[in-house]
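Since the structure comes first, as structure tokens, the remarks are kept for the end.
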Amino acid sequence: MPHDLPKAYDPTAIEDHWAEYWVRENLFAQPAPAAGTSPESAAFTVLLPPPNVTGQLHMGHMFEQAEIDIMVRWRRMTGRRALWVPGTDHAGIATQLMVERQLATEGTSRQQLGREAFEARVWEWKRHYGGAILDQMKRLGASVDWQREYFTMDGHLSAAVREAFVRLYEQGLIYRGAYIVNWCPRCQTAISDLEVVYDEHKGHLWEIRYPVLTVDGQDSGEFLTISTTRPETMLGDVAVAIHPEDERYLHLHGKKLRLPLMGREIPIILDEWVSRDFGTGAVKVTPAHDPNDFALGERHHLPSINVMDDIGHINENGGAYAGLDRYVARKRVVADLEAQGLLGAIKDHIHNVGHCDRCKTVVEPRLSTQWFIAVNKKPDDGGASIAEKAIAAVKPGADGKKAIRITPEQYEKTYLNWMENIHDWCISRQLWWGHRIPAWHCANCHKTTVARVDPTACSHCGSAQVTQETDVLDTWFSSGLLPVSVFGWPNISAENRADFDAFYPTSLLITGFDILFFWVARMIMFGCWFSKDIPMSDGSPRPLAESVPFREVYIHALIRDANREKMSKTKGNVVDPIEIVKQYGTDAVRFTLASMASPGTDIAFNIARTEGYRAFANKIWNAARFIFMNVDRAAEIGIKVDPAELGSIPTVASDAPLEARWIVAELKRTAIGVNQSLETYRFDVAAHLIEKFFWGDFCSYYLEIVKLRLDFSDLAKETATRAALTMLVRVFEVALRLLSPFMPFLTEEIWHTVYDGNPPAKSIALSRYPQSDDSQVDHRALGAMIVLENLISETRALRKDLGVEENADVPIAVCAGPGINASIGGGYKPFLKENLAIVERLARASEVRFVQQISASLLRRHTYAGDVAVIYEATIDVATERDRLTKDIAKYEKGLASAERQLGNEGFLAKAPAHVVEGLKKQEAETRLLLEKARAALDALPPE
Ligand SMILES: [Zn+2]
Ligand SMILES: [Zn+2]
């Protein structure tokens, strides 16, 4: 049966086919080993950072998933039981926002629908549109176990969330309290510090004069001036603070002020926190609307007056301003102060304003009642706090080993610094979409009941007047639990722990820096905390090293556009991965991403590279076609390549032809390098090694040399032909496996064809990854080939210098230099004679002349083993040359005239973008140069 590979490489056709095949055949499913059996090899487990259920695949995802997939495919091929678990996150804020927008277009709102109907509506949305991103992953060939796909609101994962909440509450580690949070008036929820993005804003600093009161409460005529960027918050002021040693204000100690517009008396308090250099050195204190003021208020036992409601309007505590939007109120407050002569200077002020990362609304720091995890509190049993455990997991232990290794190492410090300064984690969100907090408030005794099963009565007083908390949990609460919950926690029993034993801790997490604190840190906190109570399978207590959610974290770089600008929709420089995949194929895009993935630097994605790797894939495709053509031709005359001989790196006899010994040595060396590079996450180095092998060694040299050995017309050469052909196919098959994690589609297609549709495994992804070690590498063959390659490339360069026509074979002269490379042993001349056919073919030498000295009249080049010259005298046909030059000159003159006309057109110059004008000027200069050259060459032609 002929080896059937379509003539042209068409990535779309083969990729759709194999992507569907991998899913249909369930090739990457990794069930837990049956209870009581011990698996032959260690697991390699990776969790997909779950994209939002609302998400669409962007370049960042594709980059991250390409890295994960390369790792997983590679580890799988090295014999590990690889498991990659996919899933999506319910993404509270993002999803709720999406559905709210949809409702708005229908003229309704979530409030009009009510909570239950709204939740149903979100589920419906999810059924229709959710998880599109996973379908995109399927098309891109991610080698995940689709049978394990989860959604963070699935029943068993929601049960884990509830158990985690109740357990922490019972341990005294969850509490409810008033705190300053970042409030988004649009989303109407608290958002975490990490979800606030800061932009520089041109604003103002308003000075306000607060009247100082006499002891009997009368205006003294003196004023204390404060400055603020948010004047409307003064409605909630409860004091003004000064530094106790500020000499300007010593006489004001113990006095009171009248709060303008509101009329209430407020004290002047002394606190060393106040900076004497900022503004006037007097600071208004608004505990309900600023985190620093909140701390001041706590220290001085001041009340908190919240003057704003959930949508950013002034509430009933704001006196005459109640009901006004915060910015309307700001204007009114400033105008009223001015009218009363209490407004001081207004200064321009550039300050950082926080915006909601989701909806871009300006965030309002605001006091509200929230739920918290006391991450720094030691539990009652006296053990370490949640944060302490999360720190210990990353620091070297008593044995000097780290339970979690973070790469690049710099992020370890970033993580530790954050964790060592962590505040209590605010876990409540005022949303409807998410895991509703399992707490019930009692209208009778006002106490709270937290329960695993929905209660019908208060656990304190027995009253039936209990209502469930309306807040839901922060999305990171559930995603933080994933490493334990996807493997069955909390239902880990003797009969039901195979998954957990087999796959926990996971092996590796590959993710971006942007979620180091959001997600990575939460997983470490929860993983260590909840798994510590699960004994090891032999019943022994679980040590920290086995409690961590993952053993390694690799933080990948961020992807930017070709000009190193952040990709953003507003800038219009977003590269859509699906579009470029359509254009160049997944394999070429993956290879581009891998080749650019050097650690620690952002990646400037350049489509020209993808074009290059499309050509690389094409090169391999054509090599395959050439090989199969020869295999089929050989078969016609009875020379067969036995498939049973394939599947391992060939061993080569020491008397085999140089190219066979060399290519096998290169193959081994490449395998060693690629394995080592992947071990240290150097995807870029691995990709370059493979590219160099395939393109440089295999296609440019080896294939060309092998052509010399394949002689189907001379039956006397049958043994040599068969040996050469078998070696060619064997090396190619191994090289495909080497490339497979990087270009899974192309290699799958060709690999099946190598085996004529009957491969030894269902997929190349299930075959073994090539391995070798340095002691097996034939360094002599490598050295000898370097000498030969050097001679060939220098000869090629000489031919170019001399203008030798590409197809002309011309003689070369070589003379041996003094120091001969040890790898060619017996001497240069015998070595070249032995490999004469190779030199003649690759250097296009009609003859190799061995000389004592190269004639002084010849252009020469040095090579590793001596000098080389090309013996060639140019002959030109004057008439043809004159004709060619005349045509060129006419062409250049025309081009030049057109460029000059455009550059002389002022209308054009005014409208054209700068880079177009620049390009045109450059083109004009280049054309002028070419024209001059051509004219000079024409003048120099001898007469006919
Ligand atoms: Zn918002
Ligand atoms: Zn009660």
(request) For segment 81-98, indicate whether the set of residues that are among the β-branched types (Val, Ile, Thr), outside any helix (DSSP H, G or I), touching a Leu at 6+ places or on another chain (Cβ under 6 Å) and more than 16 Å from ligand 2 (Cβ to nearest atom) is non-empty. (result) yes
(request) Look at SER493 and say whether it is open to solvent by 30 Å² or more (accessible area, probe 1.4 Å), more than 16 Å from ligand 1 (Cβ to nearest atom), out of contact with any helix residue (DSSP H, G or I) (no Cβ under 8 Å at 6 or more places or on another chain) and under 26 Å from ILE534 (Cβ atoms). (result) yes
(message) With the condition being more than 19 Å from ARG330 (Cα to Cα), I'd like the strands (runs of 3 or more DSSP E) fully within segment 227-304 carrying at least 3 qualifying residues.
(response) 239-242, 256-258, 265-270
(message) VAL520 - would you say it is away from ligand 1 (no atom under 16 Å from the Cβ) and touching a residue at least 60 places away in the same chain (Cβ under 8 Å)?
(response) yes
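Results for (1) over 17 Å from the mean Cα position of the chain (by Cα); (2) open to solvent by 60 Å² or more (accessible area, probe 1.4 Å); (3) on the phi < 0 side of the Ramachandran plot, shown as yes or no for each residue.
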| residue | (1), (2), (3) |
| --- | --- |
| SER547 | yes, no, yes |
| LEU558 | no, yes, yes |
| VAL575 | no, no, yes |
| ASP642 | yes, yes, yes |
(request) Hey, could you check segment 379-416 for residues that are among the small types (Gly, Ala, Ser) and surrounded by 15 or more Cβ atoms within 10 Å (Cβ to Cβ) and say which is nearest to ILE524 (Cα to Cα)? (result) ALA390
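Residues checked against (1) farther than 30 Å from SER227 by Cα; (2) free of Cβ contacts under 8 Å to residues at least 60 places away in the same chain:
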{"site": "VAL307", "(1), (2)": "no, no"}
{"site": "HIS355", "(1), (2)": "no, no"}
{"site": "THR369", "(1), (2)": "no, no"}
{"site": "GLY382", "(1), (2)": "yes, yes"}
{"site": "SER385", "(1), (2)": "yes, yes"}
{"site": "ALA392", "(1), (2)": "yes, no"}
{"site": "LYS395", "(1), (2)": "yes, yes"}
(message) Looking at the structure I just gave you, is GLU636 buried (at least 19 other Cβ atoms within 10 Å of the Cβ), at negative phi and of a type in the set (Asp, Glu)?
(response) no
(request) Considering only residues that are more than 22 Å from LEU931 (Cα to Cα) and free of Cβ contacts under 8 Å to residues at least 12 places away in the same chain, look in segment 870-896 and name the one that is most open to solvent (accessible area, probe 1.4 Å). (result) GLU873
(request) Could you check, for segment 424-446, whether at least one of its residues is open to solvent by 20 Å² or more (accessible area, probe 1.4 Å), in contact (Cβ under 8 Å) with a residue 24 or more places away in the chain and within 14 Å of ligand 2 (Cβ to nearest atom)? (result) yes
(message) Against the condition out of contact with any strand residue (DSSP E or B) (no Cβ under 8 Å at 6 or more places or on another chain) and within 16 Å of ligand 1 (Cβ to nearest atom), how does GLN218 come out, does it pass?
(response) no
(message) For the condition in a helix (DSSP H, G or I) and under 30 Å from LEU658 (Cα atoms), what is the one hit in LEU931, LEU938, LEU909, LEU832?
(response) LEU832
(message) I want to confirm something. Restricting to segment 600-625 and keeping residues that are over 14 Å from VAL575 (Cα atoms) and small (Gly, Ala, Ser), which single residue is modelled with the lowest pLDDT?
(response) GLY600
(request) Among the numbered conditions (1) open to solvent by 10 Å² or more (accessible area, probe 1.4 Å); (2) in a loop (DSSP other than H, G, I, E, B), tell me where GLN102 comes up short. (result) (2)
(request) Considering only segment 435-503, give the strands (runs of 3 or more DSSP E) lying wholly within it that have at least 2 residues that are closer than 24 Å to VAL375 by Cβ. (result) 448-450
(request) State which residue is farthest from ligand 2 (Cβ to nearest atom) when the search covers only segment 339-388 and only residues that are part of a strand (DSSP E or B), of a type in the set (A, V, I, L, M, F, W, C) and within 30 Å of LEU205 (Cα to Cα). (result) ALA345
(request) Report yes if ILE311 is assigned to a loop (DSSP other than H, G, I, E, B), more than 20 Å from GLU200 (Cα to Cα) and either within 16 Å of ligand 2 (Cβ to nearest atom) or within 39 Å of the chain's Cα centre (by Cα) (or both), otherwise no. (result) yes
(message) Considering only residues that are among the polar types (S, T, N, Q) and either more than 9 Å from ligand 2 (Cβ to nearest atom) or in contact with a strand residue (DSSP E or B) (Cβ under 6 Å, 6 or more places away or on another chain) (or both), which ones fall in segment 449-477?
(response) THR449, THR456, SER459, SER463, THR467, GLN468, THR470, THR475
(message) So in segment 163-187, with the set limited to residues that are open to solvent by 50 Å² or more (accessible area, probe 1.4 Å) and over 26 Å from VAL484 (Cβ atoms), which one is farthest from ligand 2 (Cβ to nearest atom)?
(response) ARG186
(message) Please pick out the residue among VAL274, VAL285 that is within 48 Å of the chain's Cα centre (by Cα), without any contact (Cβ under 8 Å) to a residue 60 or more places away in the chain and under 17 Å from GLU364 (Cα atoms).
(response) VAL285
(request) Kindly indicate whether THR214 is touching a residue at least 12 places away in the same chain (Cβ under 8 Å) and of a type in the set (Val, Ile, Thr). (result) no
(message) Looking only at helices (runs of 4 or more DSSP H) that lie completely in segment 509-599, which have at least 1 residues being at pLDDT 90 or above and among the β-branched types (Val, Ile, Thr)?
(response) 522-531, 577-584, 586-596
(request) Residue by residue through segment 692-707, note down the ones that are of a type in the set (D, E, K, R) and open to solvent by 50 Å² or more (accessible area, probe 1.4 Å). (result) LYS692, GLU704, LYS707
(request) Quickly run through segment 744-792 and pick out the residues that are within 32 Å of the chain's Cα centre (by Cα) and in a loop (DSSP other than H, G, I, E, B). (result) ALA761, LYS762, SER763, SER767, ARG768, TYR769, PRO770, GLN771, SER772, ASP773
(request) Run down GLY130, GLY92 and say which single residue is open to solvent by less than 30 Å² (accessible area, probe 1.4 Å), within 16 Å of ligand 1 (Cβ to nearest atom) and among the small types (Gly, Ala, Ser). (result) GLY92
(message) It is to be established whether one or more residues within segment 662-684 are surrounded by fewer than 16 Cβ atoms within 10 Å (Cβ to Cβ) and more than 28 Å from SER767 (Cα to Cα).
(response) no
(message) So if I check each of ALA845, ALA837, ALA899, which one is open to solvent by less than 50 Å² (accessible area, probe 1.4 Å), under 30 Å from VAL787 (Cβ atoms), within 51 Å of the chain's Cα centre (by Cα) and without any contact (Cβ under 8 Å) to a residue 60 or more places away in the chain?
(response) ALA845
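The values are calculated or read from the model by the stated rules, or taken from the named source; none is laboratory data. The structure displayed is predicted, hence computed values, not measured ones. Positions of Cβ are generated from backbone atoms using ideal geometry, with glycine treated the same way; all protein chains shown enter the neighbour counts. Remember, those area values only see protein heavy atoms, side chains included, never the ligands or the DNA or RNA. Shrake-Rupley method; radii C 1.70, N 1.55, O 1.52, S 1.80 Å.
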